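Heads up: the structure comes next, in structure tokens.
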Amino acid sequence: MRQALWPDGIDEHAGEIERYFAGLLHMPVEVLLAVDGDAVVGFAELSIRAYAEDCVTDRVAYLEGWYVEPGHRRRGVGRALVTAAKAWARSQGCTEFASDALIDNDASAAAHQALGFVETVQLRCFRKSLEPAT
Ligand SMILES: CC(C)(COP(=O)(O)OP(=O)(O)OC[C@H]1O[C@@H](n2cnc3c(N)ncnc32)[C@H](O)[C@@H]1OP(=O)(O)O)[C@@H](O)C(=O)NCCC(=O)NCCS
């Protein structure tokens, strides 16, 4: 499911999952799984960020990853994951919950809005490699 959600990191998922269970990752802090019988059909990865756009607190619960298997969508699984995520966030003392989506992911935007998230800003991200100083 991680590969389906983040295909760009396809070579990194196995290692990250291993480090998560070894307690070596600081993010995600918590992972929630949605199960249907014996099958895992969705997940939410959660962290607590010191800053999130338009948030005012410095411990913002953050929905880092949110995924439901295609055959299980539109049946309330995503909502159940977010409900459980909010309970986790409250248990951590957070009073704000934030998330993001790629600009062209209209389904995600609609689902976020249906669950009460309010869109704040739209961002462009940049990256630059830094060569070692000579
Ligand atoms: C986003 C995602 C997790 C939602 O999961 P889901 O199980 O389909 O969500 P639910 O069935 O619980 O729906 C939650 C709410 O969002 C709405 N919603 C879900 N998908 C929607 C869509 N494609 N278009 C419009 N509204 C949608 C539902 O109508 C529901 O609102 P309602 O209860 O008022 O009817 C799922 O579509 C998914 O995995 N998408 C691919 C990965 C992705 O884009 N993840 C988010 C990355 S930012």
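The numbers here are math on the coordinates, done by the rules we state, and not lab data. These numbers were taken from a predicted model, which means no experiment stands behind them. For neighbour counting, all protein chains shown are included, and Cβ atoms are generated from backbone atoms with ideal geometry for every residue, glycine included.
Which of THR57, THR95, THR134 comes first, and how do the rest follow, when ranked by fewest Cβ neighbours within 10 Å?
THR134, THR95, THR57
Could you list CYS125, CYS94 in order of exposure, starting from the residue whose Cβ has the fewest other Cβ atoms within 10 Å?
Neighbour counts put them in this order, fewest first: CYS125, CYS94.
Of the beta bridges DSSP finds with both residues in the chain, what % are antiparallel, to the nearest 5?
85 percent
Given H placed 1.01 Å from N in the peptide plane, which residues other than close sequence neighbours of VAL41 have an amide H under 5 Å from its amide H?
Long-range HN contacts for VAL41: ALA34, VAL35, ASP36.
Let me make sure I get this right: for region 85-134, a, b and c are the square roots of the gyration tensor eigenvalues over alpha carbons, sorted descending. Under 1.5 in a/c it's rounded, otherwise prolate if a/b > b/c, else oblate. Which is it?
Oblate shape, in that a/c is at least 1.5 and b/c is the bigger or equal ratio.
Taking 1 over the mean of 1/r across every pair of different Cα atoms in the chain, what Kirkwood radius in Å do you get?
After inverting the mean inverse Cα-Cα distance, the result is 16.3 Å.
GLY65's amide H: which non-local residues (gap 5+, or another chain) put their own amide H closer than 5 Å, with H modeled 1.01 Å from N in plane and none for Pro or chain starts?
Under 5 Å from the amide H of GLY65: GLU45.
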